[in-house]
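First comes the structure, then the notes that go with it.
Any read-out appearing in this document is the output of simple, stated calculations on the displayed coordinates, not a laboratory observation. Owing to the predicted nature of the structure, the values given are computational and were not obtained by experimental measurement. Here the Cβ positions follow ideal geometry from the backbone for every residue, glycine too, while neighbour counts run over all protein chains shown.
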Amino acid sequence: MPRIADDDKRARLDRVYILLKRHENGLTSQEIAGHLNLERRTVDNYLAELETEGRVYKESKYWLALPYDAIALRRLEPSPEEAVALYLAVRLLVKQSDKRNEVAETMLYKLAQILGDDLRLGEDIIQAAKSLAERPLETDYQDIFKTIVRGYIYRRLVQITYAPYQGGVFETAIAPYLLEPSGIGYSTYVIGHSSIVNDLRTYKMERIQRAQLLRDGFDIPQDFPGIDILRNAWAIYHGEAVLHVILRFSSHVARRVRETTWHPSQQIVRDPEQDGFIQLHLDVADTTDLKPWIRGWGAACEVLEPVSLRQELAGEVRQLARAYGWQDGDDAQATLNSIFRS
């Protein structure tokens, strides 16, 4: 069979897309082949390509068109400084994920072309893209990521199968209001209305086992605060009520703690009991994603309040000590010497 010219193929792809736009309830691939007098296998290949482009999607056995033409993206012509800023943003997203993300990978190559062709600054970006390409490719995650993003872009509900950290697997339709990456757990989260509880919920994309774009659309409520919903979150766990947390840092890390604004609510004061020590005061909605950060400081950080958080981490310290063979009542120096000799 002679090869179809690129122009002819593009024209056929456009005809498939236009046909689906005219049939809002969708068509099967066999019906599309009949309408356009094409081979079924050829139509299947065209639909797969259009799906990759984000122009169509499949619901059950029916193919439907996305309002691709209505999303008019303006041409982006960043200055060199802006291109580097975009690279840093994409690089940060990449560092916060342990899986291959071909969308981010493509973006890196585009930025490399901008900086490489014009300013010869693209080699580092190409290296970052190659590094991302070496990560494990999980096809299901790639498809889920694209489906959630398309639901977010086109304001379409997404039916998901979700496996929570604790509890059984369930299904729900979510309206993606907001996407948020988090360095805690190398994850990306989707925040939106969940049908199973008829309320806002936050779902970790890495725990979504299946995602199906639905034809039902949604509107984001006017009272949804957008990114401001995370104002009380340490990273991702949000809410209106807050806990007051007081952390005491030892003198040898005090300067490092002062260097950074860790949270909008923070206040740093001198510790009244120990010279050179400081206290970090925070108001956060939840401490779930704060605890890994506290643990990362080791013995240089002590929880003073709330008491429940202090007791929880103290219990972890005792378990850690037992894991290293240190029992209550043991001589500390003798135990440490034993550990390091081994």
Checklist entry - Across segment 181-188, in residue order, what do the Karplus-derived ³J(HN,Hα) couplings come to in whole Hz, using 6.51 cos²θ - 1.76 cosθ + 1.60 with θ = phi - 60° and x for Gly and Pro? => result x, 9, x, 6, x, 6, 9, 10
Item to check | Per-residue [θ]222 nm for the chain (sum of -39500 (n - 2.57) over DSSP H runs n ≥ 4, rounded to 500) | outcome: -13000 deg cm²/dmol
Next on the checklist: If each residue of separation counts as 0.36 nm, what is the full-extension length gain between residue 52 and residue 308 once their alpha-carbon separation is subtracted?
Outcome noted: 87.2 nm
Checklist outcome for this item: Ordered by number, the chymotrypsin sites (Phe, Trp or Tyr not before Pro) in segment 236-322 that occupy a DSSP loop and have at most 16 other Cβ atoms within 10 Å are 262, 297
Checklist entry - Just going by the charge dipole of the chain, with Lys and Arg at +1 and Asp and Glu at -1 on Cβ, which of 13, 54, 212 is farthest out on the positive end? => result 13
Item to check | Of 61/146; 21/61; 61/110, pairs whose Cα-Cα distance is over 25 Å | outcome: 61/110
Checklist entry - Tell me, 234, 326 in order of fewest to most beta-carbon neighbours within 10 Å? => result 326, 234
Item to check | Estimated vicinal HN-Hα couplings, Hz - segment 168-177 in sequence order (Karplus 6.51, -1.76, 1.60; Gly, Pro = x) | outcome: x, 5, 9, 10, 7, 9, 10, 9, x, 8
Checklist outcome for this item: Footprinting proxy, 172, 188: sorted fewest to most Cβ within 10 Å, the residues are 172, 188
Next on the checklist: Test of understanding: given the chain, find the longest segment containing no GluC sites (Glu not before Pro) that are in a DSSP loop and have at most 12 other Cβ atoms within 10 Å.
Outcome noted: 135-239
Checklist outcome for this item: Restricting to Cα pairs under 8 Å and 6 or more apart, the percent relative contact order of the chain works out to 10
Checklist entry - How big is the charge dipole of the chain about its Cα centre, in debye rounded to the nearest 20, if each Lys and Arg gets +1 on its Cβ and each Asp and Glu gets -1 on its Cβ? => result 680
Checklist entry - How would you rank 242, 84, 269, going from fewest to most other Cβ atoms within 10 Å of each one's own Cβ? => result 269, 242, 84
